[in-house]
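The values are calculated or read from the model by the stated rules, or taken from the named source; none is laboratory data. Source: prediction; values computed, not measured. No Cβ is skipped: glycine too gets one built from the backbone with ideal geometry, and neighbour counts run over all protein chains shown.
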Amino acid sequence: MNDSDSLPLTAELAPGSSANPKLVSDPAAETSASSKASSRTSSTAAEERRRFGPLSRRLADQGLFLFRHRGLFVVFLLPGAVVAVLERRSAALPAASGLGWLTACLAVSLLGLAVRAAALGSAPPGASTRSLRAPSASRLNVTGMYSLCRHPVYLGNLFVLMGFALALKSWWFVLTAALVYWLLYERVIVAEERFLGERFGISHRRWADRTPTFWPRPGLWLHPETRFSWRTVIFREYNSLLLIASIFLFLRLVDQVVVGGLGAGAWLRQDQGLVAGVLGLTVLVSVARQVRKRGGSGH
């Protein structure tokens, strides 16, 4: 307990009984301690706000908007993906029947999912939330993946995106996807950093001073303070796994049917194992959703 959390007490002698003092709260001392604590909190918040200049504040405000509308990311990239596909189709490039390149790209996306899982699976309760309106956290996580970089989940998202972009086999689309990601998520990160700075003050500043923002530094590793939970990962990430599988199945369809000119029926017979796998995963995810809904599982 901090000193400011202690209740100030003074000795008051009961009338006619000097040998039995009673401890009672001193309203003046309590008010003074409360004022000092409030003053320190206000001072810390004001100092954090001063650290954000006009440009940073503008980026943070934009980041808060993007945080609430993360679906815009797909809107920005979809036109470029369509152009990349049409470009390959107009070039009359033959579609490879093998799955070598697509498997390699899938491995990149699954690496990103693994990074996300490593970060979320060992995060203590309250340190990683799924707020859709604004950044929120009841505690600061500085161990595990968060000891290597301050935003490991966004690092994982980048690998997932790069797997999708590489699968389109267009170098300019890969660069465009990376640029759009940087422009959007840079602002989201600034918004989160502002929130964490105002919420956790000096603790956040010390963590930020020693920990890279995005790219991990392995030498900084600190063992997670909570035990890794597969249950948390499963209930937090089953949608992500289904999304990755569905998108890669769609990319395979585009590569074979739209670009390669293979008939839909012929493609279905050729890749029936992939289709069956994604359908099976869809069933498993549906079951997991029902289990979570009935049991109120996950955090």
* To do: Looking for whichever is modelled with pLDDT of 85 or more and loosely packed, with under 15 Cβ neighbours inside 10 Å here; the options are Leu78, Leu132, Leu113, Leu102. Which one fits?
  => Leu78
* Asked: In the stretch 207-226, is there at least one residue being part of a helix (DSSP H, G or I) and in contact with a Gly (Cβ under 7 Å, 6 or more places away or on another chain)?
  -> no
* Asked: Which residue out of Ala276, Ala288 is in contact with a Phe, Trp or Tyr (Cβ under 6 Å, 6 or more places away or on another chain) and more than 28 Å from Ala178 (Cα to Cα)?
  -> Ala288
* Any idea which of Gly197, Gly163 is of a type outside the set (A, V, I, L, M, F, W, C), under 30 Å from Leu86 (Cα atoms), part of a helix (DSSP H, G or I) and touching a helix residue (DSSP H, G or I) at 6+ places or on another chain (Cβ under 9 Å)? -> Gly163
* Structure fact -> Here the qualifying pairs (Cβ atoms under 7 Å; residues six or more apart or on different chains; first in the stretch 239-255 and farther than 15 Å from Val285 by Cα; second of a type in the set (Phe, Trp, Tyr)) come out as Ile247/Phe164; Leu253/Trp267
* Asked: Which of the residues belonging to the stretch 265-297 are in a helix (DSSP H, G or I), more than 14 Å from Ile234 (Cα to Cα), touching a residue at least 12 places away in the same chain (Cβ under 8 Å) and not β-branched (Val, Ile, Thr)?
  -> Trp267, Gln270, Leu274, Gly277
* Asked: Do you know which of the residues in the stretch 230-264 that are surrounded by fewer than 17 Cβ atoms within 10 Å (Cβ to Cβ) and either among the aromatic types (Phe, Trp, Tyr) or assigned to a loop (DSSP other than H, G, I, E, B) (or both) is nearest to the chain's Cα centre (by Cα)?
  -> Trp230
* Asked: Among all residue pairs at least 6 apart or on different chains, which show Cβ distances below 7 Å where the first residue, located in the stretch 182-197, is assigned by TED's automatic domain parsing to the domain that holds Ala60 and the second is of a type in the set (S, T, N, Q)?
  -> Arg187/Gln62; Ile189/Thr213; Val190/Ser56
* Tally time: how many residues in the stretch 274-299 are surrounded by fewer than 17 Cβ atoms within 10 Å (Cβ to Cβ) and within 29 Å of Ala91 (Cα to Cα)? -> 1
* To do: Examine the stretch 181-195 for a residue that is more than 30 Å from Val259 (Cα to Cα), in contact with an Asp or Glu (Cβ under 8 Å, 6 or more places away or on another chain) and surrounded by 18 or more Cβ atoms within 10 Å (Cβ to Cβ), and state whether such a residue exists.
  => yes
* Take Phe214 and decide whether it is modelled with pLDDT of 90 or more and either surrounded by 20 or more Cβ atoms within 10 Å (Cβ to Cβ) or outside the structural domain of Ser122 (by TED's automatic domain parsing) (or both). => no
* Can Arg269 be described as out of contact with any Ser or Thr (no Cβ under 9 Å at 6 or more places or on another chain), modelled with pLDDT of 90 or more, of a type in the set (D, E, K, R) and within 15 Å of Leu168 (Cβ to Cβ)? -> no
